[in-house]
Structure formats: structure tokens, C-alpha cells
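Here the structure comes first, spelled out in C-alpha cells, and everything after it is commentary.
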Amino acid sequence: MADPPSLSDLHKNPIYNEAELEEMAPRSQDSGFSLSTRLRSKFRCSGAVVKSLLLKIIPILNWLPRYPFREWLLGDIISGLSVGIIQLPQGLAYALLAGVPPVFGLYSSFYPVLIYTIFGTSRHISPGTFAVISVMVGSVTESLAPSENFLMPGNDSMIDTVARDAARVQVASALTLLVGIFQILLGLVQFGFVVTYLSEPLIRGYTSAAAIHVTLSQLKSILGVELSQRSHPLSLIYTFITLCSKIPQTNVASLIIGILSIAVLLIVKFLNEKYMSVIRIPIPIELFTLIVATGISYGVNLHKLYGVAIVGNIPTGLSAPIVPDTQLFASVVGNAFAIAIVVYAFTISVVKMFSVKHAYNVDSNQELLALGLSNSFGSFFQCFTIGTAMSRSLVQESTGGNSQVAGGVSAVVILIIILKAGELFESLPKAILASVVVVNLKGIFKQFQDIPILWRSNKIDLMVWVVTFIATILLNLDLGLAVSVAFSLLMVIFRTQWPHYSLLGQVSSTDIYRDVSRYKQAHEVPGIRIFRSSCTLYFANAELYANAVKKMCGVDVDKLIEMKNKEAKKKKQLHEKAEKEAKKAIKEKKDFEDTNDKIHELQDICHPSPEAKGLDTEQVVVYEESDDSTVNCAGSNECPFHSLILDLSTVSFVDTVSIKTLKNIFRDFKEIDVSIYLVGSQENVLEQLERGNFFSKTITKHQLFSSIHDAVAYISKLHNKESEKEDERSTKI
């Protein structure tokens, strides 16, 4: 094994502690503009400020004048047409998931998409209806407007579907407006970082469970049965049990239609993926399936002959805007906030994926504003909440989409269908739409492949995935999300409670320091302990940090301090006893020699020679009383180091508890004659230490260094000088 590094390995460059650095390069006393100055600067009105603000809030004003028509226009048109064709079946299908008539799915695929084209910053995502968001909306509409509340008078078996659908549309539009308001507010306060609370395992576990919710809810259309859709604490289990009880009532025609359409969709989608490089534009199998199924249903009259449920009336034309019912806000506020967060989390994950792939920047807060404006504007036209579908976004990218123009083209396609072609799909079987939904969830179901990967890579993330999945399966989607977010935050706290603590050693002949337990080439510097924690120091782990420092240094600090106090107390008692006997001897008029003998005896008691020591080997005793009341360890419990370095490079902030903990560490180790040094403190941490009154006469900035190597070099030189002085004293004696 290589020898420990010697002093010759340490660099000979000048070494500066924090106090010396501040003298050489003092920090600016100007803390920046005052609050009033910053506010005036923020709200200053000028032509340049207004222009910059408009370009930031309305990105289309920035990129459209510089749009390369020759290079991008054809690709955007082809991409927009492809996405618009896919939007049609998905809009109709996801409207049923949201619990509203199909035409409102078309509205939701037009108005919000048009608004996002103006305010969005991503060039490749396809905003619009999304299965997971639609089923979250549907859980709200069906719980606040259940079918049981709209039974026909005098006939308990008939439901007034017109009144029920109207009520659900009101709920959906009010929910959408509130979702948009939340998203706008979060965007205005620069709250885009909220996505950090939704880790990728959480999102994937949530969407996997939501996909099962969606699939079960669509099986009723494939089986051709009616389910009582009411709110239930265990909604998925309740739906599954109810669905099983309805199996004897299965409509065979609907079942056959559903199975055939699923098979056709899966086969063609597989071919699209396999031969994408050849065909370039994927076959719009959903549209073809809708057209063929609608034609067969209309020609054979499946609804009357076999009782197959069909879409029904799809009015043509655009409806006038209607102000959502704000009285419903109180009933949907919790769901609205949850949906707002989920929509943003899904969208920003897709947005960042494409921005990284195509090397352009996106503004997370502007995305929140764009989504909020899209949902808010759409709510006045009775749209339900929109999100971003990965499948459509991939189609938009793969078919040549280069900008938000593709989204505008897809919105025009939907507009044409709303104005002219919507009524052609009135005979479309609902089983077809259910099949489209189920098949489009294939990508989400593939996320179950994450389980073995997470097991091998990160078991904490696996726990988040599993807990999120189970909570969402057993509870409603909003409750499952709340539980999973709470559990994810607990995992963050859990990780800070059990960080990796390590003692560092120097890699020979370098200024690099590594964990001595993991690197054989790293050796501890004689007389110096270097301690590092892998996470920041704050109130939740401050006590654990202090205990780890004492434990890993290999010295029972508390016992040493206790022994020191006991020895000091014993010395004081002996001193007082000797003084009392000396005074008594003088009082009894003993001769001077006897008194002098007593004084010498007193000195021998207070300062015993090493030969007179008869201490137990398991105890540490203070032999000499020094001015600074420190402990000099001897015997088997001799303190193996004289200096302790705390590496604070991983500390991003300190609070009052952590400052107090650091003070206690300084105090305790000073009691056993160990000097403490801090290294790697960031500027903001140093300022927080100053504001927290950390520095004093006993703790100064001379004990702070920029790097571990500087501190080690300083301590080694300082200790070497002290050793030379002691040698000189011994030589003189």
C-alpha cells in the first residue's frame, strides 16, 4: 500500500483563508437595487419594454415574421393535416371519457389548439384532448351530475339525457375555466418549477394507473352495457365489480365491433411504426375505421336492429360563447388545482423532450400561461380541459412539423369538420370510439416495463412508482395524485435523513480528496479528519449530522468532555481541601517548614508527575490545566487528530437550527483541543452564517477556506510550526 501523503505533496502556492480573501477582494456592500427601485424598473413603461413584454407573452409575434415559408410550410401543412385527422376520432372518443356529448370533444380540439398556437413556445407538441385528463374531468362531471339525478318523471328506468348532458357540460366548462385561472396564476408568479414535485416515476406510475381507469371505463361501450357512474371511494374496484355483474347483458354486436376495430387498429399501427421510414406519413387508420364503421352502421342500421349504442346527434356550426357557471367553483376547486398541475406536468415533459431533441429553448412559465389561456378561452365555448397527447405529438414531429403552424392547420381541419362534416358521424358506434381510446393507451401500458429497470437502477424511484400506481388504482385519480405527491415528498425528506457520510483522504501527490472507505489510493492526512455529507444541512437532519461527525471521527467526544468536567471538579475539591488544611496549619501556629511542606503537597496533588498517574486504561484524564480549558488526551484514548475539517460544498443553505448545530460542534471539539475548519462554503451560505451570528471571538473567518487542500496545507504548516516551538522548548530545558 502506498505511503500516506507527506507535506512535500502539498502545493506551495499562497494559502488564503476567508478573512484574508475578504481583505484582498472584499465583497460589494451594494446588495443590489432596493425593492422600490426594482419595482420601478419592472413596471417602467417604454417602447422597448412594451415590445419585449409583447414578444414574451405572445411568442407568435416573435417567430411568425421570421418564419421560413419555403423550408417549413409544406411540412407544417402535411403535419397539420395528419394531426387533424387523428384529432377527429380522439376528440369524439375523449368527449365520452369526459362525460359530455361528442361534439364538445371537437370544440376542445379547435378553440384551445388555436390559442396555444398563438401563445405556446413548443414547435412540436399537439395540444388538445388527452385520455388521462379527460377521464379526470369525467370523474368530476359524473360525480356532480350523476345519471340518477335525471330520471324521467314516472319512469325510473329512463334518463333525461338532454338535461344530464347539459348539466355535465356546465360542470366541465366551469372546471376548465378554474383550471385555466390556476395555470395563469402559476405562470404569472413564475411557478413553472412545480413540475419538480412530480418526478418522472410518479408521472409514469400515475399515467399507468390512469390508463387502467380509462380502459375499464371504455369496456362498457365495447360490451354495450350501461353502468351507474357515481362517485365512489374505491372507484376502480367499484367499476370493475359493476362491469363484471353486467357481463351477462353484453351486446354481442357491440362486442364484435369493438374486438374487430381493436385488432385492425393494432395491426395497422404496428405496420406504421415498422415501416415509418418508407411510408413517411402514417396511415390514418382511426379515420378510416370511423368512416367504414359509420357507413356500415348507417347502412345496416345497427342501432335499431341490434341495439348498438351510437354517437347520436352532432350539431353543425359554432355555438355562441357562454360564461361558465362560477357558482360551481366551490365544488370543483380541489379537482381543478389537481388537474391544472397534472396537465402542466404532462405537457412540460413532452415539451422538454422535443426541445432537447431539436435544440431550441422553451419557457416553462410561458407554457403555463399558454395552457391557462387555452383552457380559459375554451371554457367560454363549452370546451373541457385539454392537455398534450404523446401519440399526436410524435405524429406531428414525424410527418414534418416544424412550428406551431402545424397546430393551426390541425385546428382548421377540425373547424371544417365542425361546420360541415360533423353530422356525418351520428351513426358511428360508440364501441369504435372506445376501441380508439384503448388502442391509443398502448404507449402508456408500455410503462410497466419501467419496473425491472427501476429495480436495477433506483429502488426509491421504484417505490414512488409502485405507491403512485396503487394509490391511483385504489382511490380516485385526484386522491391518488395527492397521496403520490405526498409520498414523493416524504421520500425526498427520507433521503436527506440518511445521506452518505464519509471521511476523506488525499490521493497521493494530488490535491484530490476521496472517501477513504471506497478508494484504496486515498489516505487520511496525519492528525487531520475531513468529514463530508452528501446532502445539504438543515433542521431535519442537523442532529444526525452532528452525531455522524462525532461517530465517524472515532472519538467519544461526550465522554471526553464528561471526564474532563469530572477531573476538573476533583482537582477543585482537592485544591480546596489542601487550602483548608494549610490555613488550619497556620492557624495552629505550626512552624513554617510544616506549612511549606503542606504547600508542596498541595502542588503535588494539583500537578502530579507522570509517574504518579495511576489511571484506569479505560478513562481519559486531564493532566494539566491550560488557560483555554481544553483537554489533552493520553493513554489508550488519546485523541488521534488535532484538526477537523467540515466540507460544506454540498450545503446549499443553512437555517437557524443548522447554524446552532455547527456552533455546538465547534464548542464540543474545542473542549477536547481539536480545531474546526470549514471549507467549500458558497457565498450565499457565508452570508446566511453572518446573518445568523455564527462568527464570534472563538469562531472566526480565519477558520474558513475555499478548498480542502488549502485547509490541509494551512493546518499542516501551522501544526509543524507548533511542533518546532515545542522541540525548541524541550532543547532549552
Can you pick out the pairs among K269/K459; K274/K459; K220/K274; K570/K660; K559/K701; K304/K430 whose Cα atoms lie more than 23 Å from each other?
K269/K459; K274/K459; K220/K274; K570/K660; K559/K701
Given an 8 Å cut-off on Cα distances and at least 6 residues of separation, report the relative contact order of the chain as a percent.
21 percent
Check H523: other-chain or 5+ apart residues with amide H under 5 Å from its amide H, H built from backbone geometry?
Q506, V507, S508
Under 5 Å, built H, 5+ apart or other chain: amide partners of S675
S643, L644
On Cα atoms only, tilt of 235-246 relative to the major axis of the chain in degrees
30 degrees
The set of residues whose placed amide H lies less than 5 Å from the amide H of N402, leaving out same-chain residues fewer than 5 positions away, is D76
Ignoring ligands, DNA and RNA, how do F150, F448, F240, F539 rank by accessible area with a 1.4 Å probe, largest first?
F539, F240, F448, F150
Quick check: residue separation of L73 and F448 times 0.36 nm, minus the Cα distance between them. What number comes out in nm?
131.1 nm
Mean Cβ-within-10 Å packing, highest first, puts peptides 480-493, 109-122 in the order 109-122, 480-493
Sorted from largest down, give the three principal axis spans of the alpha carbons of segment 664-727, whole angstrom values.
42, 26, 16
Computed [θ] at 222 nm, helices only, for the chain once each DSSP H run of length n ≥ 4 contributes -39500 (n - 2.57):
-19000 deg cm²/dmol
For the chain, accessible area per residue (1.4 Å probe, heavy atoms of protein chains only), Å²
51 Å²
Along segment 82-91, Karplus-curve 3J(HN,Hα) (6.51, -1.76, 1.60; θ = phi - 60°) to the nearest Hz, with x for Gly and Pro, reads 4, 5, x, 5, 6, 4, 4, x, 5, x
The summed charge of the A172 Cβ neighbourhood (under 13 Å; Lys/Arg +1, Asp/Glu -1) stands at -1
Using only Cα atoms, tell me the angle between helix 557-587 and the longest principal axis of the chain; keep it within 0 to 90° and round to the nearest 10.
30 degrees
Taking only Cα atoms, what is the 0 to 90° angle, nearest 10, from helix 405-416's long axis to the longest principal axis of the chain?
30 degrees
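Tell me, rounded to the nearest percent, the portion of alpha carbon pairs in the chain spaced more than 40 Å apart.
52 percent
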Leaving out ligands, DNA and RNA, and with a 1.4 Å probe, what % of the accessible surface on segment 166-323 is carbon or sulfur?
71 percent
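The values are calculated or read from the model by the stated rules, or taken from the named source; none is laboratory data. If you're wondering where the values come from, they're calculated on a predicted model, not measured in any experiment. Note that we place each Cβ from the backbone using ideal geometry, even for glycine, and neighbour counts take in every protein chain shown. Only protein heavy atoms, including side chains, enter the accessible area calculation; ligands, DNA and RNA are left aside. Shrake-Rupley method; radii C 1.70, N 1.55, O 1.52, S 1.80 Å.
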